[in-house]
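Only one structure is covered here, and it is reproduced in the block below.
Rule-based calculations on the coordinates, nothing more; no lab input. Bear in mind that the values here come from a model prediction, so they are computed numbers and not experimental data. All Cβ positions, glycine included, derive from the backbone under ideal geometry; neighbour counts span all protein chains shown.
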Amino acid sequence: MRFLDSSVFLHAYLRKKGAVTPKEREIKRRAKEILSEIEAGEQVLTTVIHISEITNIIEARLGLEASLRLLARILSLKNIKVFEVDEDDYKKAIVIADRFYISLNDAIAYIKMRENNINEIYTFDKHFRNIPDIQVIP
């Protein structure tokens, strides 16, 4: 099982303003490919924080209706496990974020990965490369 970062959804669903580079086209193609693999049944883990991040950004860029449709689709897939986050997770995340110089949400992902013996993550976020025991699957 792999962790599914919000960056995969954002690259798959959002369009960049202005010219798109070949690298950006490849990232979008790969993001859509990852989501297709998940649609086909690949088991992944994410958190309520990452779901919130996805839906908030989609709502801001594409509107409430698009955000709600995406959320309903995510929640309908039984192979996406969505874990809760509590106060203790945030306390741990502060230390991890500082240690690896990553965002709080990235630190939460790392905590949930460790708790579930997961060391691979689908992400396009370069900050996960700061964590030595995580394998980034772009």
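Using 1/(1 + (r/R0)^6) with R0 = 25 angstrom and r between the beta carbons of GLU24 and ARG129, what's the FRET efficiency to the nearest 0.05?
On the way: r = 19 Å, r/R0 = 0.74.
Working from the Cβ atoms, E equals 0.85.
What would the Debye formula give as log10 I(q)/I(0) at q = 0.12, 0.13, 0.14 Å⁻¹ for the alpha-carbon point model of the range 64-138, no solvent?
The calculated log intensity ratios at q = 0.12, 0.13, 0.14 Å⁻¹ are -0.40, -0.46, -0.53.
Excluding SER67 itself, what net charge comes from residues whose Cβ is under 15 Å from its Cβ, given Lys and Arg +1 and Asp and Glu -1?
Here the charged neighbours net out to 0.
Check the chain and count each lysine pair with an alpha-carbon distance under 28 angstrom, considering only pairs eight or more places apart or from different chains.
Pairs that pass both the separation and distance tests number 26.
Karplus couplings for the range 31-41 from phi (6.51 cos²θ - 1.76 cosθ + 1.60, θ = phi - 60°), rounded to Hz, Gly and Pro as x?
Rounded to whole hertz, the list is 4, 5, 5, 4, 5, 5, 5, 5, 4, 7, x.
Stretched out fully, how many nm does the piece from LYS32 to ASN79 gain, at 0.36 nm a residue minus the Cα gap?
15.2 nm
Quick check on packing: order 16-25, 38-47, 121-130 by the mean number of other C-beta atoms within 10 Å, highest mean leading.
On the way: 16-25: 8.9, 38-47: 16.8, 121-130: 18.7.
My ranking of the peptides, most packed first, is 121-130, 38-47, 16-25.
Only counting other Cβ atoms within 10 Å, I'd like SER7, SER36 sorted with the fewest neighbours first. Walk me through the numbers before you get to the answer.
On the way: SER7 23, SER36 11.
Result, fewest neighbours first: SER36, SER7.
Which of GLU33, GLU87, GLU59 moves most in a GNM of the chain, Cα contacts under 10 Å?
Result for the chain, Cα springs under 10 Å: GLU87 fluctuates most.
Shape of the range 13-57 from its Cα gyration tensor (a ≥ b ≥ c, root eigenvalues): rounded if a/c is under 1.5, otherwise prolate when a/b > b/c, or oblate?
Since a/c reaches 1.5 but b/c is at least a/b, the shape of the range 13-57 is classed as oblate.
State log₁₀ I(q)/I(0) for the chain at q = 0.14, 0.15, 0.16 Å⁻¹ as given by the Debye formula over alpha-carbon point scatterers of equal weight, solvent excluded.
Cα-only, vacuum Debye calculation for the chain: -0.64, -0.74, -0.85.
List, in order, the whole-Hz ³J(HN,Hα) value for each residue of the range 43-51 obtained from phi through the Karplus relation with A = 6.51, B = -1.76, C = 1.60 and θ = phi - 60°; use x for Gly and Pro.
Per residue, the Karplus-derived 3J(HN,Hα) values read 6, 9, 10, 8, 10, 4, 5, 6, 5 Hz.
Between ARG61 and ASN119, what's the calculated FRET efficiency when r is the beta-carbon distance and R0 is 35 Å? Round to 0.05. Please report the intermediate quantities before stating the final value.
Working: r = 32 Å, r/R0 = 0.90.
FRET efficiency, ARG61 to ASN119: 0.65.
Given points 7 Å out from each Cα along the Cα-Cβ axis, report the ASP86 to MET1 separation in nanometres with one decimal.
Placing both labels 7 Å along Cα→Cβ, they lie 1.8 nm apart.
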